[in-house]
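Engineer: Got a structure for you, questions after.
The values are calculated or read from the model by the stated rules, or taken from the named source; none is laboratory data. It should be emphasised that the depicted structure is a prediction, and the values quoted were computed from it without experimental measurement. Neighbour counts are summed over all protein chains in view; Cβ atoms, including those assigned to glycine, are modelled from backbone coordinates with ideal geometry. The accessibility values were calculated without ligands, DNA or RNA, using every heavy atom of the protein model including side chains. Shrake-Rupley method; radii C 1.70, N 1.55, O 1.52, S 1.80 Å.
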Amino acid sequence: MKIALVSPYDWCVEGGVKTHIRHLAEYFRDWGHEVVIFAPASEPERVRDEIHVMGRPFSMRVSGSVARITFAWKSPEVKRVLAEHRFDVVHLHEPLMPLLPYHFLRYSRAVNVGTFHAAKEGGNRFYGYTTPLTRRWFRKIEGKIAVSPAAAKLVSRYFPGYFNIIPNGIDYGHFAGPAEPFPEFMDGRQNILFVGRPEKRKGLKYLLRAYLRIREMEPNTRLIVVGAGDFSRYERVMAPFPDVVFRPNVPYADLPRYHRSSTVFCAPNTGNESQGYVLLEALAAGDAVVASNIEGFAGVMTHEMEGLLVRPKDPEALAAAVVRLLRNPMLREELSARGRELARHYSWDNVAHRVLWYYERLLYERQQVAETRARRAALAAGR
């Protein structure tokens, strides 16, 4: 099978969509399929061996984050590569983001598949403003995937229809496999772990407020903040508390070691999370998890089954749930076992198989339609 994977986002910047596409490509190639990735790139020469570069990206604020997309006019090049490769499937990720996906939808004669990744409570202004213009491109998407019920809810608000739920995957073996904890954190303290970027929607400020309460109730604790980005403003605020440790820009290879060093994992996100990689990675690592009861997380984890869900933006509720787990090792073990089993279903092997089976079904359905039309035409000509 010949497959095109199309991203509207800068391939030189790490993100969930890039991770998703990279893993699908890896598995599809291992299974003998031909895959070409198309995406814009801010440093074309650095990634030219990995993808077919399509334009330079510019920054645009979308759903509480900054998206780096291209507005380059690539119609002639898209038309050329489609004619050259004759793909069976063109799979567009965030297919209604400008501008690259529109060019592919305009010229593609393959089975067009779109995966919608984003989720945002209250709707999306971009979708709202552009729906009259993008409806024509949406109609050209034959296979519609959403990575979570929250993502399906957002897009169906503007484009009603059926969306096949195929989640983001995780590198299950990387997080569930053996890893040594960091000796510096194995000093008898109970460690609370946060992993995320320093964005408002990640809710770190609520966890910091909660921790001030936690340390009063359980003095023998430590908060470890791990993530990609600049946490300096949080570090200045928490400077009087040496038991709050910041570890910015941690290598991916070291993340399992931080999970093994933790007693409780906390995800205090405030919303606009489609699914939550870090939540699933924590479950795969066997962490006892406390997370905000937001749609993206509640669609993955059940309260009191794989973890504890609490009201968003509520430091008191967050503190109470964390302390409950710190004081109850048996409950931690029960949640950990069920959480790890749940996370197993989100392995990239499972996700890639589901996507491939969906391709095969869509190709089969297209073939059936073509054969039916051919039979009808033959019957009509014979009359």
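Engineer: Using the basic label-point model (7 angstrom from Cα toward the beta carbon), what is the Asp30 to Glu235 distance in nanometres?
Structural biologist: Simple spin-label model gives 3.7 nm for this pair.
Engineer: Taking N as the number of residues in the stretch 49-192, what value does Rg over Cα atoms divided by 2.2 N^0.38 Å take? Numbers along the way, then the final one.
Structural biologist: On the way: Rg = 19.4 Å, N = 144, 2.2 N^0.38 = 14.5 Å.
Here the answer is 1.34, to two decimals.
Engineer: To continue, here is another question. In whole percent, what relative contact order does the chain give with Cα contacts below 8 Å and a gap of six or more residues? Numbers along the way, then the final one.
Structural biologist: Values: 723 pairs, mean separation 54.8, N = 383.
Relative contact order of the chain: 14 percent.
Engineer: If each Cα of the stretch 186-316 is one equal point scatterer, what is log10 of I(q)/I(0) from the Debye formula at q = 0.19 Å⁻¹?
Structural biologist: Values, matching the q order: -1.12.
Engineer: Which whole-Hz couplings ³J(HN,Hα) result when phi for each residue of the stretch 310-325 is put into the Karplus expression 6.51 cos²θ - 1.76 cosθ + 1.60, θ = phi - 60°, listed in order with x for Gly and Pro?
Structural biologist: 10, 4, x, 6, 10, x, 5, 5, 4, 4, 4, 5, 5, 4, 4, 6
Engineer: Here is a further query. Of the listed peptides 271-281, 308-318, what is their order by residue-averaged count of other C-beta atoms within 10 Å, with the highest listed first? Show your work: numbers first, answer last.
Structural biologist: Numbers: 271-281: 24.2, 308-318: 19.7.
Order by mean packing, descending: 271-281, 308-318.
Engineer: Shifting gears a bit: Per residue of the stretch 196-207, what does 6.51 cos²θ - 1.76 cosθ + 1.60 with θ = phi - 60° give for ³J(HN,Hα)? Whole Hz please, x for Gly and Pro, Karplus curve as stated.
Structural biologist: x, 8, x, 9, 4, 5, 7, x, 4, 4, 6, 5
Engineer: Report the residue, chosen from Val81, Val237, Val225, that carries the largest GNM mean-square fluctuation when the chain is represented by alpha-carbon nodes joined by springs under 10 Å.
Structural biologist: Val237
Engineer: Between Ala337 and Arg46, what FRET efficiency comes out of the Förster formula 1/(1 + (r/R0)^6) with R0 = 25 Å and r the beta carbon distance, rounded to 0.05? Write down the numbers at each step before the final one.
Structural biologist: On the way: r = 42 Å, r/R0 = 1.69.
The value I calculate is 0.05.
Engineer: At Arg106 and Phe246, where each label point lies 7 Å from the Cα along Cα→Cβ, what is the point-to-point distance in nanometres?
Structural biologist: 4.6
Engineer: Once phi is turned into ³J(HN,Hα) by the Karplus curve 6.51 cos²θ - 1.76 cosθ + 1.60 with θ = phi - 60°, what whole-Hz value does each residue of the stretch 364-369 show in order, with x for glycine and proline?
Structural biologist: 3J(HN,Hα) across the stretch 364-369, in whole Hz: 5, 5, 5, 4, 4, 4.
Engineer: Could you work out how far the C-alpha centroid of the stretch 89-149 sits from that of the stretch 194-267, in angstrom?
Structural biologist: A separation of 36 Å, based on Cα centres.
Engineer: Tell me what the chain gives for mean residue ellipticity at 222 nm when only DSSP H runs of n ≥ 4 count, each as -39,500 (n - 2.57), the sum divided by the residue total, rounded to 500 deg cm²/dmol. Present the calculation step by step, with values, prior to reporting the outcome.
Structural biologist: On the way: 15 runs with 166 residues, N = 383.
Rounded to the nearest 500, the figure is -13000 deg cm²/dmol.
Engineer: Of the accessible area of the stretch 178-337, with the probe set at 1.4 angstrom, what percent is carbon plus sulfur? The partial results should precede the final answer.
Structural biologist: Working: 3440 of 6700 Å².
Answer for the stretch 178-337: carbon and sulfur cover 51 percent of the accessible area.
Engineer: Could you tell me the ratio Rg/Rh of the stretch 245-383? Both radii from Cα atoms, Rh via Kirkwood. List each step's numbers first, then the result.
Structural biologist: Working: Rg = 22.8 Å, Rh = 17.8 Å.
Radius of gyration relative to Kirkwood radius: 1.28.
Engineer: Something else now. Which FRET efficiency value, to the nearest 0.05, is calculated for Lys200 and Thr131 with the Förster distance at 30 angstrom and r the Cβ-Cβ distance?
Structural biologist: Details: r = 27 Å, r/R0 = 0.89.
Using R0 = 30 Å, I get an efficiency of 0.65.
Engineer: Between Thr19, Ala67, His85, whose Cα lies farthest towards the positive end of the dipole of the stretch 1-91 when Lys and Arg beta carbons carry +1 and Asp and Glu beta carbons carry -1, centred on the Cα centre?
Structural biologist: Result: Ala67.
Engineer: Using modelled backbone amide H atoms (1.01 Å from N, in-plane), which distant-in-sequence or interchain residues come within less than 5 Å of Met305's amide H?
Structural biologist: Here the answer is none, since no amide H 5 or more places off falls under 5 Å of that of Met305.
Engineer: Show me 170-181, 192-203, 327-338 ranked by packing, highest mean number of other Cβ atoms within 10 Å first. Before the final figure, lay out each step's value.
Structural biologist: Details: 170-181: 16.5, 192-203: 21.0, 327-338: 14.7.
Order by mean packing, descending: 192-203, 170-181, 327-338.
Engineer: Using the Kirkwood radius over Cα pairs, work out the Stokes-Einstein diffusion coefficient for the stretch 84-146 at 20 °C and 1.002 mPa s, in µm²/s as a whole number.
Structural biologist: Numbers: Rh = 12.3 Å.
Answer, rounded: 175 µm²/s.
Engineer: When only alpha-carbon atoms count, how far does the stretch 260-308 stretch along each of its three principal axes, as whole angstroms with the largest first?
Structural biologist: Principal extents (largest minus smallest coordinate, Cα): 28, 19, 15 Å.
Engineer: Considering amide H positions built from the backbone, and no H for Pro or chain starts, which residues 5 or more places from Ile170, or on another chain, come under 5 Å of its amide H?
Structural biologist: Answer set, sorted by chain and number: Ser347, Trp348.
Engineer: Would you mind checking which residues have amide H under 5 Å from Val90's amide H? H placed 1.01 Å from N; only 5 or more apart, or other chain.
Structural biologist: Residues meeting the criterion, in which the H sits 1.01 Å from N, are Ala4, Val111, Asn112, Val113.
Engineer: So, for the chain, what is the accessible surface per residue at a probe of 1.4 Å, expressed in square angstrom? Before the final figure, lay out the partial values.
Structural biologist: Values: 17520 Å² over 383 residues.
Accessible area per residue, the chain: 46 Å².
Engineer: Quick one: which of Lys144/Lys205; Lys153/Lys202; Lys140/Lys202; Lys140/Lys200; Lys2/Lys202 span more than 32 angstrom between C-alpha atoms?
Structural biologist: Values: Lys144/Lys205 36 Å; Lys153/Lys202 21 Å; Lys140/Lys202 35 Å; Lys140/Lys200 36 Å; Lys2/Lys202 38 Å.
From Lys144/Lys205; Lys153/Lys202; Lys140/Lys202; Lys140/Lys200; Lys2/Lys202, over 32 Å: Lys144/Lys205; Lys140/Lys202; Lys140/Lys200; Lys2/Lys202.
Engineer: Pairs of alpha-carbon atoms within less than 8 angstrom and 6+ residues apart define the contacts here; what relative contact order does the stretch 103-197 have, in percent? Walk me through the intermediate numbers first.
Structural biologist: Working: 80 pairs, mean separation 26.6, N = 95.
Answer for the stretch 103-197 is 28 percent.
Engineer: Grab every C-alpha pair in the chain, bin the distances at 20 angstrom width from 0 up to the longest one, and report whole percents.
Structural biologist: Distribution as computed: 27, 52, 19, 2, 0 percent.
Engineer: Moving on. Considering only protein heavy atoms and a 1.4 Å probe, what is the carbon-and-sulfur percentage of the accessible area of the stretch 10-153?
Structural biologist: Working: 3320 of 6500 Å².
That fraction is 51 percent.
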